[in-house]
Structure formats: structure tokens, C-alpha cells
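Reviewing the structure listed below.
The values are calculated or read from the model by the stated rules, or taken from the named source; none is laboratory data. This structure is a prediction, so every number in the text was calculated from the model and none was measured. Counting neighbours? That spans all protein chains shown, and the Cβs are built from the backbone with ideal geometry, glycine included. For the accessible areas, the whole protein counts, side chains as well, though only heavy atoms, and no ligand, DNA or RNA atoms are used. Shrake-Rupley method; radii C 1.70, N 1.55, O 1.52, S 1.80 Å.
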There are 4 protein chains.
Amino acid sequence: MPVPADVLEELVTANRILANEGIVDAFGHVSIRHPERSDHYVMSRARAPECIEAEDLVEFRLDGAPVTPLTPDRKPYAERFIHGAVYEARPDVRAVVHHHSPSVIPFGITGTKFSPVMHMCASMGTDVPTWDSRTHFGDTNLLVTDLAMARDLARTLGDRRVALMRGHGAVVAGGSLREVVFNSVYLELNAELQMKATSLGEITFLSDGEVAAVLKTRSSFTFERAWEYWCRRAGRPYDTRPMEGPLAGAS
Amino acid sequence: MPVPADVLEELVTANRILANEGIVDAFGHVSIRHPERSDHYVMSRARAPECIEAEDLVEFRLDGAPVTPLTPDRKPYAERFIHGAVYEARPDVRAVVHHHSPSVIPFGITGTKFSPVMHMCASMGTDVPTWDSRTHFGDTNLLVTDLAMARDLARTLGDRRVALMRGHGAVVAGGSLREVVFNSVYLELNAELQMKATSLGEITFLSDGEVAAVLKTRSSFTFERAWEYWCRRAGRPYDTRPMEGPLAGAS
Amino acid sequence: MPVPADVLEELVTANRILANEGIVDAFGHVSIRHPERSDHYVMSRARAPECIEAEDLVEFRLDGAPVTPLTPDRKPYAERFIHGAVYEARPDVRAVVHHHSPSVIPFGITGTKFSPVMHMCASMGTDVPTWDSRTHFGDTNLLVTDLAMARDLARTLGDRRVALMRGHGAVVAGGSLREVVFNSVYLELNAELQMKATSLGEITFLSDGEVAAVLKTRSSFTFERAWEYWCRRAGRPYDTRPMEGPLAGAS
Amino acid sequence: MPVPADVLEELVTANRILANEGIVDAFGHVSIRHPERSDHYVMSRARAPECIEAEDLVEFRLDGAPVTPLTPDRKPYAERFIHGAVYEARPDVRAVVHHHSPSVIPFGITGTKFSPVMHMCASMGTDVPTWDSRTHFGDTNLLVTDLAMARDLARTLGDRRVALMRGHGAVVAGGSLREVVFNSVYLELNAELQMKATSLGEITFLSDGEVAAVLKTRSSFTFERAWEYWCRRAGRPYDTRPMEGPLAGAS
């Protein structure tokens, strides 16, 4: 069952936004679960997100096998297993980003507490785990290139939205494509803000109650408002799609 | 009484400048008091400042009710109450910005002294308070979504130009639109400069006398010079409007 | 005696480069000594450097009086006295920049040692003084708006290329327009590099002998190579002017 | 034997990418070993990398002498000797970059341990030496302007991919042009990440085994993916050249 063209275009847009906002460079990737087949997902062939077009998008099974064999000049991302393992473990997840955004990495390599310092960033949650490939797999090239590693990472993620990967990056999982893009951008912002605040003095983090309140009241309208803005910056058309949640003005 | 078209265009320009200079992203907003009706103010419907056009601008009463009902596809900013409460408390204020600019946030979450370190930034004053929504409202999503919270924030602001909001952002109030945009940009700069200086050694802040001298001698010409520059960068026409104060060359 | 058109265009280009490279924003200014009349200098009317055109340029006497009276809509920079006082005290100086570049300010407000850490930045010298307006003039708005303050600043500058101004910015003086633009850009870079290095450990500065060797061997070709690059970035034509010194490849 | 036009265009592209990604400004340079004559190399005449066209490229002998005499308006880079000395000492090297990228310099002037913190940056190796011109040559202008200095630097580099130069920059050597551009960009990123992490806490560096694993499994496909991205950003056509290594999807 083919994925509708507007869904594919939205995935192209997500790639371009992530590149334009500095969340991914030539590396990193974003996927969506197939809207009709929950055991399939869609992501680009291995290519820099800024360069991706709709024809680069490929459908995969959760084990990482392409549904249609790829031609030799189109290779899959070696780390696509991250996505399959998260979809497998988390029926609620409909989109996944794996990225190496530059302010997030330092938290994964120092083990510093990483927690929301601002309401926009609350969706990362107050309990962000760090997965270290070395714990179960020893000295590797750090890439998650098979299901065993990916499932181990998915176990660390658990039922959360974000996990850091030591010396590597992060994985962001969520209920929609716009949500994971939003949460990736604001994860990077939280990292930047927390680093700056660390240089000034003792930080007052958001309380658990505040984070819960943000998550409870955040509507898809918030994601829409950011999406329109990021589309404009990335030179992509803004498609007002039917939204998944109740509408409400935000911040 | 309709707001003149050139006034509306100036408000569009203010939105675009704040976005282009990195003071707001998809979130944050700027308003003006209605030029003829001091109990009304004008701001955009809920939309990213970079995307705003004149037809997005809406007239509100100070209690946050729109003067003309909005259509379902046009929602008000949930936090418009900030603006109404400041106009209510401060007859001298003719424009308000609420933003989350990235170097300012760390000061609100650490309680570090935040004071002018450079003449261009003196208008923030030497006494910048921080409002914490938790003090009177407990664990919330930190958004100022009703008049009770907004009036509490306005009380913290008092007769000052700037108040920080813990884990959230800042509010900047002033006598003209160009002034609040100017003061928002230079508030962010002061934060950046003070953070850099903190890493080097003990800071000599501007003295109270110096800050008073800057405020006493600053003319609207200073705002004009910056406005022309920011218009050019944002791709907006520069409209030389009648200025409110005495003309004088500056810096 | 009118200033040749190509000299005026070069001064426009210098303004645009300084803005485009982030050394000035809406404020800051650059001047040249009149090529034929050493008791005159040329700089723009008060306008943001990014917006300046050749028709904005004005000829001044060293006391700051315009040679031709300005029309009411064209005001001089209030701080033009800085330039006059430096030309008066330093016959060797043919161009002056006054700027507030963002990594330089923190050194002026902390009194931290500020010295070359990299060969490209050696021209600032190993002895950069900081002028504090408060020392002789008490609590002011920090602006150098008369000859008395400007001469005091020029005395602090002495025979050096750079002086910092506490809570304000810096003045850069040199033998040609391309040299002062070059030294302003690399002064900002040295400040950025030194701040980063401070966060890592103990810094090995360039020795006095190394700084002397750089200054002795630096040719105008170095300034030309940078000028061509900065013109391209600023969208200005590159004019290969006769150079003042011996030609030699550099770095 | 003339160098093929597509090889020259690739070298132009390398120059433009290094400028566009902020690795070089008006200074710094990149060369390739002549594809047919291992005792010659090709690099631009002395010009800012962003401005370089194919007709600026010049063929040199390893001692730095141009194969065809240059006209007076075309000067060689004074520091071209760095390239010749590395090609002379290292038959495996086919491309060299010398740059002053802004986060790398602070490591060279503080002697801080500089080691991979992230898989993308592993190619710098865990043993990055710093060459100090003062050790054997005393107080100089720090430029490597003859073969004696360049050979001394090449000895410090040894069989590694990267050496820092105190108060100056770095040299990056590798097996292909795309590799040295890639390693230069990710060297700067590692420096930025390590500095940020230093401000947060104790860093877990990649282990020697991890670095070895990355190097063993990194294929030319990784360089290709980045090259396509950087070409797009720099406004240069992407030329899919025959690749040197086994193809494999990466990260």
C-alpha cells in the first residue's frame, strides 16, 4: 500500500527543517511509521537530509529489510535499525529522529544531569537516560548497525521521548513527525541554555509538576506554529494538515 | 477606530526584525497600544513572528477579548494577557515584547545579578527583577494564560522596563515600538556579553550614575538608526516616521 | 579639494565589510584621513554602516566641525571626536575604526590581560590599554562627545594600534583603511580565541619577539587577500588599488 | 602532464567548501598531490579560498618551486612548503589542508588533551601532537616559509593525520581530497564539542579501541555523503567520482 504523496512530502520537509535548523548535518535521519502498515516504516536512502527528495524515500520492514530491493546506487542508512527497534518496542511511536546535534553531545559524554530549564523544552522529560554502546557491545565504531544493538538502545529509551547515546548523539521518539522535529529542535535549545546557565550559577530546573503540566496542556497547535515557521525558513511549502489533538493557542 | 495602515505595517516590521535578529523564534510576540484608544492594544493572531502579515493583526481589549470575534482558523496568542496587564498597570507604556531570547533565559534560571555592562544595553536598568510563576501559582505549564497571572507579572515588573520570567523568558515594556525592539535586542546582547565576561574575571558593571546618564541622553535618533539597519537586514522597507523625542547624534 | 570617487567607494566598502563581518552593528564607525589635507578626515553622516552610500560621506576638520554644513536630515556621529583626536595626536595614522565588537567588550570590563594568541592577530600588540571614561570624567553616558574626552582617550592609546574602552568598545588606528579593517576583524578573533582558551587551561601567548616578527614581515599583500574575500562576502566590487608596501605572499 | 579538468574543479570545490563551512577565512589552503606525478602537487596561487577559480591553480615541485614561473600578479602561498614537506615524508598522503579553524586554535595554545569525543571525529586519532615553531626556530612570525621549518613540522606530524601548530593552526593530511576536507570539518567539531563538555564535567573520550574500529570501518561512502551536502551548501555542482574504497552505508 503506497504512502500518500503529501505524507512523503512532509517527510522531505522534516529532513530539510532538521538540516536548516542545525539539528543534523550530512548525517542523522528521520523516519515515520507507515500510516497503514504498522510493521513498516519510511525513511530516505542514505543521503544528507538537506539533499533528500521524495524519490529518495524507501519503505522498510521493522527488521530493516527494504520492502522493495534497492538498486546499487541507493544504499540504506546503516543505522536504520534504530528506527525499526523503536517502532517494534513502542506501538505509540509514529516518528523517530536520530541526530548528533552539537549542544546535546556534551551531555552524553559527561553524564551531567540533563533536564528541562525552560517550558518550550519540557517534552524531553526530567529523566533522560544515556545509552552507552560499550556497556554491552564493547569497543565498536559506535554505530547501531544491527537489531541487537538497536533493541538494546530501545530498552534504554523505554517509554521515554529521548535517549542520549554516549559519544554519538540522541534518539527522539514521538507520536507524530511534527512532534519529533519540534522536540529535536528544543532538545538542542535546552542543551544550549543549560550549558550557558551552568557557567553562571546554580540552576533552577523545571519541577516534575511543571513538566507534567506542560505535557498535559501542549496541543498540536504548538507544533503547527513552529512547523509553519521552519517551513518558511527552509524554503518548503507549508501544508496545513488535519491536526491530531485539540486546538489551543499556546505561549 | 481603525489603526492607520502605516502603524500596522510598522508592527509587522517589528515582528520580522525580532525574528531576524534571533530574539524570537516561532514563539514570542510584540504588541502596541492602540494609538487612539488607550484601552485597546494590537497584536497578531497566534502565528510565528517571521510569518506575520498586516491581515494577521487583531485589536484586543485590555482583558484579552478581541474587539471583533476571531474566525476559527485565527486563534489569539494564549499569553496575550501579559500585554493587557502591562498596559493596564502602566499608562506610560505604548509597546510590549514578550520573548525567550537565548542568552537571557540563563539569567532567569540562576538568579545571577543581571545588569548593564555596556552603554548600548543600559536601558534594561540596574534592577531587573525575575518573576517566578511558581511563587503564587505553584506547578503550572509556566504560560501566562489569564489575567491573574499577568497582573502578578506586571506587579513584579513595576515601573521598570524589563522583567525576567523564570524558566520562560522576559517582558520588555516601553514608550514606543522602536524602543521595545531596541531594548529587546540589546538585552540579549548584554546577556551574551555578561556571560562571556563572567568566564574571564570580575566584571565592572555600569554604575547607577552611568545608567541614568545614558537614559537621560538617549534620543529617538538612536532607535531610528538601529531601525533602519534592522529593516534592511529583514528585507522590510524603512519608514522614517515622525520621531517622538529630540534629535541628536548618538555614539 | 574633493576626495577621489574611488577613495570614497573604498570607505563605503569598509563600512559594509565591518557590518558584514559582525564588527559593527547599527553603531560604530570608520574614517580615513583626507588624502590631500592632513587636517581633515572623511566619515559618514550618522547612519548604520551597512546602509552607508558614497553620498553619506562627509568631510570634517580635526575639531569635528563639518567642512560643509550638514542639512538637518543629515547628522554627524556624536562620537566623531574620537577620530579627530587620534588624527591630531598621531600623524602616522591614516584610518580609524571605533567599534563594539562582541568578544572584545568582555576584556574591557574585566581588565583581563588581552594579548595575541595567534599570528594573524599579532597586530594588536602585547600592550593593549583600557581607557575608562569614569577616571577623568566621572559618571557619563560613556559616549565620547567632545574633544576633551577624545583627547584623553587618544592619550591612553598613545602610539599603539588598539585601545579598549571600558563598558563601551575599542578604537583601532592604523596606516591604511585596509589595515584598520583587518586589525578590527582579527582583534575580535583574538578575543574569541582567548576566551575559548581560558576555559581550557593556561595559555601560551605569542612572545614579544614573535609579535615583533609578525609586524616586521606583514605586507600589504596580507591585507589585500583578506580585502578581496571580505568584498566578495559583502557583495562589493574588489578594487585592486596600488599597494603601499612591498609585495609578498603570506601565510 | 596536465591535471584533468575535473580534478582541478574538485580542488576548487574543496576550497569553497572549506570557506563555506568556516574552516578557513581569507587564509589557509588545500592541495592535492599530482595524480600522475607524485613529486608534484597542485594548489592555488595565494588567494582567499572562497575566491579561487580553476585558473588560479598552480603546479609545484615538492621543494615549493612552481613548475611554470608565475606572473608578477600571481604569487604563491608563502606557506606552501608545509604541503611539499608532508608529501615528501608521507607517500600515502594525497591531499593536505592547512587551516586556522577557530575552535582548534585554543587546544594548540593551552596544550590541553585533544582527543575524539564523538564517532564522526575519530579520524583525528587519539594522539594529536602540537608543533611549536619556537622549539627549533625561536621567535619567528610563526609562518612556515621554508623547507626547513616545514620538514620539522612534518616530523612532528609523523604518520598521523593531524598536527596542531601552536599559535597558528593545524595541518590535516590524508589519502584523498574528500577525506582531508571531511577530517578538517570534523576536527573543528570535535574541538567545539570538547570545549563545551569541559564546561560541564569529566569527559568520557572514545577509547583507543573505538577509534580504531571507526577508522577500520569508515568507507569512502561516508565522505561522499558529506561531500554532496557541502557542495549543495557551497553552491558547487556535485560530481560523483569513482570512489576509492568499498561502499557501505554509514551512520
Problem set entry | Taking all pairs of distinct alpha-carbon atoms in region A:157-205, Kirkwood radius in angstrom | 12.2 Å
Exercise. Counting only Cα, what are the radius of gyration and maximum Cα-Cα distance Dmax of region C:1-104, in Å?
Worked result: 12.7, 39
Exercise. Karplus couplings for region C:20-28 from phi (6.51 cos²θ - 1.76 cosθ + 1.60, θ = phi - 60°), rounded to Hz, Gly and Pro as x?
Worked result: 5, 8, x, 7, 10, 10, 6, 10, x
Problem set entry | Under Karplus coefficients 6.51, -1.76 and 1.60, residue-wise ³J(HN,Hα) of region C:43-54 in Hz, glycine/proline x | 8, 6, 4, 5, 7, 4, x, 5, 9, 6, 10, 4
Seminar exercise, completed: Taking every residue of B:168-176, the Cβ atoms of other protein chains inside 10 Å of its Cβ average out to 1
Exercise. Could you give me the ³J(HN,Hα) list for region D:149-165, computed from phi with Karplus coefficients 6.51, -1.76, 1.60 and θ = phi - 60°, whole Hz, x at Gly and Pro?
Worked result: 5, 5, 5, 5, 4, 4, 5, 5, 4, x, 9, 8, 9, 9, 9, 8, 10
Problem set entry | Inter-chain Cβ neighbour average for residues A:190-196, partner chain, 10 Å | 5
Exercise. Which GluC sites (Glu not before Pro) does region B:149-245 hold that lie in a coil by DSSP with at most 13 other beta carbons within 10 Å?
Worked result: B:Glu202, B:Glu244
Seminar exercise, completed: For chain A, dividing by residue count, accessible area per residue (probe 1.4 Å) in Å² works out to 34 Å²
Exercise. What is the set of long-range amide H partners of C:Gly174 at a cut-off below 5 Å, with H atoms built 1.01 Å from backbone N?
Worked result: C:Arg94, C:Ala95
Seminar exercise, completed: Note on region B:196-236: alpha-carbon gyration tensor, axes a ≥ b ≥ c; rule is a/c under 1.5 for rounded, else prolate if a/b larger than b/c, else oblate; result oblate
For this session: Give, in whole angstrom and from largest to smallest, the semi-axes √(5λ) of the equivalent ellipsoid of region D:167-240, with λ running over the eigenvalues of the Cα gyration tensor.
Result: 26, 17, 13
Exercise. Just from its helices, what would the mean residue ellipticity at 222 nm be for chain C, if runs of 4 or more DSSP H residues each count -39500 (n - 2.57) and the sum is divided by every residue, rounded to the nearest 500 deg cm²/dmol?
Worked result: -11500 deg cm²/dmol
Exercise. Which residues' amide hydrogens lie under 5 Å from the amide hydrogen of A:His34, considering only partners 5 or more residues apart or on another chain, with H built in the peptide plane?
Worked result: A:His40, A:Tyr41, A:Val42
For this session: Among the aspartates and glutamates, select those whose C-alpha is under 17 Å from the C-alpha of B:Lys113, and discard any that sit fewer than 8 residues away in the same chain.
Result: A:Glu202, B:Asp127, B:Asp132, B:Glu188, B:Glu192, B:Glu202, B:Asp208
Exercise. How large, in Å, is region C:116-233 by the Kirkwood hydrodynamic radius built from its alpha-carbon pairs?
Worked result: 15.7 Å
Seminar exercise, completed: Long-range share for the protein assembly as shown, i.e. C-alpha pairs more than 42 Å apart as a percent of all pairs, stands at 40 percent
For this session: Please work out whether chain C counts as rounded, prolate or oblate from its C-alpha gyration tensor, where a ≥ b ≥ c are the square roots of the eigenvalues and a/c under 1.5 means rounded, while otherwise a/b larger than b/c means prolate and anything else oblate?
Result: oblate
Exercise. Which percent of the accessible heavy-atom area of region C:98-178 goes to carbon and sulfur, probe 1.4 angstrom?
Worked result: 46 percent
Problem set entry | By accessible area with a 1.4 Å probe, ligands and nucleic acids excluded, highest first: order of B:Asp56, D:Asp39 | D:Asp39, B:Asp56
Problem set entry | Inter-site label distance for A:Tyr238 and C:Tyr238 at 7 Å from Cα along Cβ, in nm | 4.0 nm
Exercise. So how far, in whole Å, is the C-alpha centre of region A:198-240 from the one of region D:1-76?
Worked result: 47 Å
For this session: Enumerate the amide H contacts of D:Val58 below 5 Å, restricted to partners 5 or more residues apart or on another chain; note that Pro and chain-start residues carry no placed amide H.
Result: D:Met43, D:Ser44, D:Arg45
Seminar exercise, completed: On complex formation of A with D, accessible surface lost, both sides summed, probe 1.4 Å, nearest 100 Å², amounts to 3200 Å²
Exercise. Expressed as a whole number of Å, what is the distance separating the alpha-carbon centroids of region B:125-141 and region A:83-146?
Worked result: 32 Å
Exercise. Tell me, what is the FRET efficiency for D:Asp6 and B:Asp39 to the nearest 0.05, using R0 = 56 angstrom and their Cβ-Cβ distance as r?
Worked result: 0.20
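Please compute, for peptide B:112-118, the average count of beta-carbon atoms on other protein chains lying within 10 Å of each residue's beta-carbon.
Partner Cβ neighbours, averaged per residue: 4.
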